[in-house]
Amino acid sequence: MKNKEFVTKAYELARKRYATLDIDTEKAIEKLQNIPLSLHCWQTDDVTGLEHTENELSGGIQVTGNYPGKARNIEEIRNDLVKAASFLGGNHRISLHASYGDFKGEKVDRDQIEPRHFESWMKWAKENNLKLDFNSTSFSHPKSGELTLANPDKSIRDFWIEHTKRCRRIAEEMGKYQGSPCVMNLWIHDGSKDSTVNRLKYRSILKDSLDEIFSVPYSNMIDCIEAKLFGIGAESYTVGSYDFYLGYGVKNNKRVTLDTGHFHLTESVADKISSLLLFTPGIMLHVSRPIRWDSDHVTIVNDDTLDLAREIIRCDALDKVNIGLDYFDGSINRIGAYVIGSRATQKCLLQALLEPLEQLREYEADHRYFERLALLEEAKSLPWNAVWDYFCLINNVPVGEEYIAEVCKYEEEVTGKRR
């Protein structure tokens, strides 16, 4: 670290500046240190997975770009994940899709996966001080089609019910092994490209499928259900809409997953947090950057991400919100995409932790709205970036733009040699 003295001095000035507002930067740093992000494994290889079949991306999944160096096997995926995590302060998690099992060349269909196919992942995660989360994989399969868990065809529906049951069992074993509940997310692409006259029928089928899937209780995993506004090939109707999963989650005490790319672009996803916290046991966040649609661009520090972070902190909900990343950009250096998005999420959380919240609440309680707005504006230019640089310094990860050269070095020595 060539600017260690400069970073330390800048932090001391920032610490004193924040102290004038009764904000303890040391406490903010400590809290940030203990907020795990769940890094999505599918950024390494453009959602290809490890089933070694001829399955092409389907179910509305689309990755643009063909930047060289994507991971081609389980070893390269793991190496890339470790490298990406090395740029982050704190201890983090890895989110796996079911299609990333360690199948060792064996052809294992989705309704046959077992915990043994993920044992090496559990050991690898423990060796690298990481925890695992999990996702069922209903897309990119010959039986995906337009409908999976909402399919009127019982044979196809039963296939996906069995797959999802097995995913929950795998997540339970992961949670037991790592001594930390494994967050298991359920998302399906089911829907219709054009208008349907059977909205209730498909949602009724999906409800019954979910009831069967969740009939077995587990204590070492957390169920989450993820909605979507629309998808490619399902533009007119999505069975698992936000209203559907919100109702199901409230009724059945399930966490609802909020993916920032799965709503209308003018909707505030942050505004949903306080409502969900009143009626569901918690929330799973999938943080990405939608541009005109669910395009899964790399997360950056913008108003949407900042609003999410602020709402979590303002609701004192760090223990009820799991934060995962969910974007896949094949047009730029994939490790760089991880680092930009994950550090941006941490930067937003830090800014939220450094907000003069008690003073703002006092102004609001006294109806001093001018003072509230003025302080909100002035807080935007407080020296949070000096606190961020110091957080990176004490975690022995690159400060500021220093990570750019290290990512490029990894590309030169590792990913750039993949053909």
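Nothing in this text is a laboratory measurement; each read-out follows from the coordinates by a stated rule. Here the structure is a predicted model, which is why all the values come from computation and not from measurement. Note that each Cβ is placed from the backbone with ideal geometry, even for glycine, and that neighbours are counted across all protein chains shown.
Which of the GluC sites (Glu not before Pro) found in segment 33-105 are loop residues per DSSP with 14 or fewer other Cβ atoms within 10 Å of their Cβ? The partial results should precede the final answer.
On the way: sites: Glu51, Glu54, Glu56, Glu75, Glu76; in loops: Glu51, Glu54, Glu56.
Sites meeting the loop and neighbour criteria: Glu54, Glu56.
State the three equivalent ellipsoid semi-axes of the chain, derived from the C-alpha gyration tensor as the square roots of 5 times its eigenvalues, in descending order and whole Å.
Details: eigenvalues 260, 144, 71 Å².
In descending order the semi-axes read 36, 27, 19 Å.
Near the amide H of Ile225, under 5 Å away, which other amide H atoms are found, from residues 5 or more places off or on another chain, if H is placed in the peptide plane?
Long-range HN contacts for Ile225: Leu186, Arg255, Val256, Thr257.
What is segment 196-280 by shape, rounded, prolate or oblate, if you read a ≥ b ≥ c off the alpha carbon gyration tensor as root eigenvalues and call it rounded for a/c under 1.5, prolate for a/b larger than b/c, and oblate otherwise? If you can, show how the numbers build up before the last one.
Values: a/c = 2.02, a/b = 1.11, b/c = 1.82.
Here segment 196-280 falls in the oblate category.
Quick check on the chain: helices-only [θ] at 222 nm, where DSSP H runs of length 4 and up contribute -39,500 (n - 2.57) each and the sum goes over total residues. Nearest 500, please. Spell out each step's value before the answer.
Values: 14 runs with 182 residues, N = 419.
Helix contribution divided over all residues of the chain: -14000 deg cm²/dmol.
Using the Kirkwood radius over C-alpha pairs as Rh, can you work out the diffusion coefficient of segment 77-200 via Stokes-Einstein at 20 °C, viscosity 1.002 mPa s, in µm² per second? Intermediate values should be presented prior to the final figure.
Working: Rh = 15.9 Å.
It diffuses with D of about 135 µm²/s by this estimate.
First measure r as the distance between the Cβ atoms of Asn252 and Asn385, then evaluate 1/(1 + (r/R0)^6) with R0 = 45 Å and state the FRET efficiency to the nearest 0.05. Write out the running numbers ahead of the final one.
Values: r = 43 Å, r/R0 = 0.95.
That gives a FRET efficiency of 0.55.
Note down the nm distance, to one decimal, between modelled labels 7 Å out along Cα→Cβ at Asp316 and at Trp293.
Each label point lies 7 Å from its Cα, and together they span 4.3 nm.
Compute the distribution of all C-alpha to C-alpha distances in segment 103-174, in bins of 10 Å from 0, and list the percent of pairs in each, rounded to whole numbers.
For segment 103-174, the pair-distance distribution reads 19, 45, 27, 9, 1.
Within 12 Å, Cβ to Cβ, of Glu364, how many net charges do the neighbouring residues add up to if Lys/Arg are +1 and Asp/Glu are -1? Walk me through the numbers before you get to the answer.
Numbers: positive: Arg314, Arg361, Arg368, Arg372; negative: Glu358, Glu362, Asp366, Glu371.
Overall, the nearby charge balance is 0.
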